[in-house]
Amino acid sequence: MFVKKDLRKIPQILADASQRAASSPPSLSEEGDDDTFTPPTKKAKSNNKNNDIITEMRLGRRAPEFLPSCNASILLQPKFRPALDNLIQLSLYDCGLSSLAGIELHPTNDDDNGRNITTLFPKLEQLDIGRNPKLTNDSLPDSFHTQFPSLLELWCDDCSFGPSIPNTLLQMHHVHVVRMTMNKLEGQLEQGIGIKYWNHIRVLAMDGNKLDSVGKGIGRLEYLEKLHLRQNKLTLLPEGVPSAGNTSLTMLCLSSNLLTSLPKSIIDVADTLTELYVNGNQLETLPEGLAQTCTWLQKFNVAHNNIDKEESLPKDFVMRFGLPDVVSGQCTKDDACVVRLEGNPMAERRRKAYLEEEKAKAKALEMERAAAEMEVDSDDD
């Protein structure tokens, strides 16, 4: 859906949001009792709409407005504080940021009600700081997480976090969605995920890094629905990832890695798994029972692996899906599931043999036609 960009400068947007936040709507007692209350006119409704509290702020692709500091200081001016209090969604996508200093714990004096105010974004549920390639682990204050007690979605695609996940981000215990694709993560994915970090996560996307292994804690994430680990350097998944503990897992994306096998425990998510992508690896076979057990599979991509012979495919796989089509490389026996095997040596040999056979048939047919034409010409003479 197309969203019209706010053409105002950031200070104007923040000033307007702050003013709206300061103008609280009238209470019921001010409006009168229910039996004497008069519904607002159409004009009044329009005025109220213009005074609605701002809960979503899209400030993406405004890098020039964050110069020269390249940080979030423009948002943190005291006069704009009311605007931040009510935000639920904030996008700082592609803003040329190199630091988020200032979004951290600050000692403050108690307010008139005796409360200690230290949280900048108390209601924020979605934060997008993606495509800021200058953001690194050092760009985040240690107490960054304390400013987002309600955060549910964290988008950090196309930044430079690494080689490990910043500890302050791991401390965001209530997140449901974390996207850190195309960063600079290396080695083993944080082992504490699923044990002491991100236990409520539903979508975990770590595509396009240099991860070579994952911890078994991933197998404990009972709310995890989608796991994206494409374009890494994974050579194997430990037994138990995924596992029966992943009671909500519907999508597992492992394409473009270095996997030579899949864990047998993958069949433990048979009751929920609908999409499995393992294309672009080095698999030579598939786990026995996967096809028979994972009855809810709708998409199964095994293209461009090293499956060399038909005998390398488990019997239950062939029984359910059949052998790959000689032209497309897809297995079409089960109409409810799209299965792709093109690019495997076995499928490519079948395709090559078929094309050579068809070429030979065409050549033979052409020779027959030519001989028939010569015979007709001879009869005419």
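The values are calculated or read from the model by the stated rules, or taken from the named source; none is laboratory data. Note that the structure is predicted; figures quoted are calculated from it, not measured. Backbone-built Cβ (ideal geometry, glycine too); neighbour counts: all protein chains shown. Only protein heavy atoms, including side chains, enter the accessible area calculation; ligands, DNA and RNA are left aside. Shrake-Rupley method; radii C 1.70, N 1.55, O 1.52, S 1.80 Å.
Going down the table (LYS196/LYS226; LYS299/LYS333; LYS315/LYS359; LYS233/LYS264; LYS264/LYS299; LYS184/LYS264), which pairs top 24 Å between alpha carbons?
Listed pairs above 24 Å: LYS315/LYS359; LYS184/LYS264.
Which order do the peptides 188-196, 328-336 come out in when sorted by mean C-beta neighbours inside 10 angstrom, highest first?
In decreasing order of mean packing, 188-196, 328-336 become 188-196, 328-336.
Taking all protein chains together and a probe of 1.4 Å, list HIS174, HIS106 from the most accessible to the least accessible.
From most accessible down to least: HIS174, HIS106.
Averaging the inverse of every distinct alpha carbon separation and then flipping it gives the Kirkwood radius. What is it for region 249-299, in angstrom units?
For region 249-299, inverting the mean 1/r across all distinct Cα pairs yields 11.1 Å.
In the full protein assembly as shown, how much of SER98 is accessible to a 1.4 Å probe, in Å² to the nearest 10?
Result for SER98: roughly 40 Å² accessible.
I'd like the per residue volume of the convex hull spanned by the Cα atoms of region 63-213, given in cubic angstrom.
Normalising the Cα hull of region 63-213 by residue number yields 110 Å³.
Got a number for carbon plus sulfur as a percent of the chain's accessible area, 1.4 Å probe?
Using a 1.4 Å probe with all protein chains present, the chain comes out at 51 percent carbon and sulfur.
Give me the Kirkwood hydrodynamic radius of region 190-306 in Å, from all C-alpha pairs, to one decimal place?
Evaluated on region 190-306, it is 13.9 Å.
Taking Cα centroids, how far is region 284-313 from region 155-209 in Å?
If we compute the Cα centre of each part, the gap is 29 Å.
Run lengths n ≥ 4 of DSSP H only: what is the helix-derived mean residue ellipticity at 222 nm for the chain, with -39500 (n - 2.57) per run over all residues, to the nearest 500?
It comes out at -6500 deg cm²/dmol, rounded to the nearest 500.
Looking only at the chain, where both bridge partners belong to it, what percent of the DSSP beta bridges are antiparallel (to the nearest 5)?
Roughly 10 percent of the beta bridges in the chain run antiparallel, per DSSP.
Might you work out the accessible area of VAL302 for me, using a 1.4 Å probe with all protein chains in place, and round it to the nearest 10 Å²?
VAL302 has an accessible surface of roughly 0 Å² with all protein chains in place.
With every protein chain present, what is the per residue accessible area of the chain (1.4 Å probe, Å²)?
Normalised by residue count, the accessible surface of the chain is 55 Å².
Mean projection of the alpha-carbon convex hull of the chain over all orientations, in nm²?
Averaged projected area of the chain's Cα convex hull equals 32.6 nm².
For a protection proxy built on the mean count of beta-carbon atoms within 10 angstrom, sort 362-369, 266-273 highest first, please.
266-273, 362-369
Could you give the C-alpha radius of gyration of region 225-381 expressed as a fraction of 2.2 N^0.38 Å, taking N as the number of residues it contains?
My calculation over the Cα atoms of region 225-381 gives 1.44.
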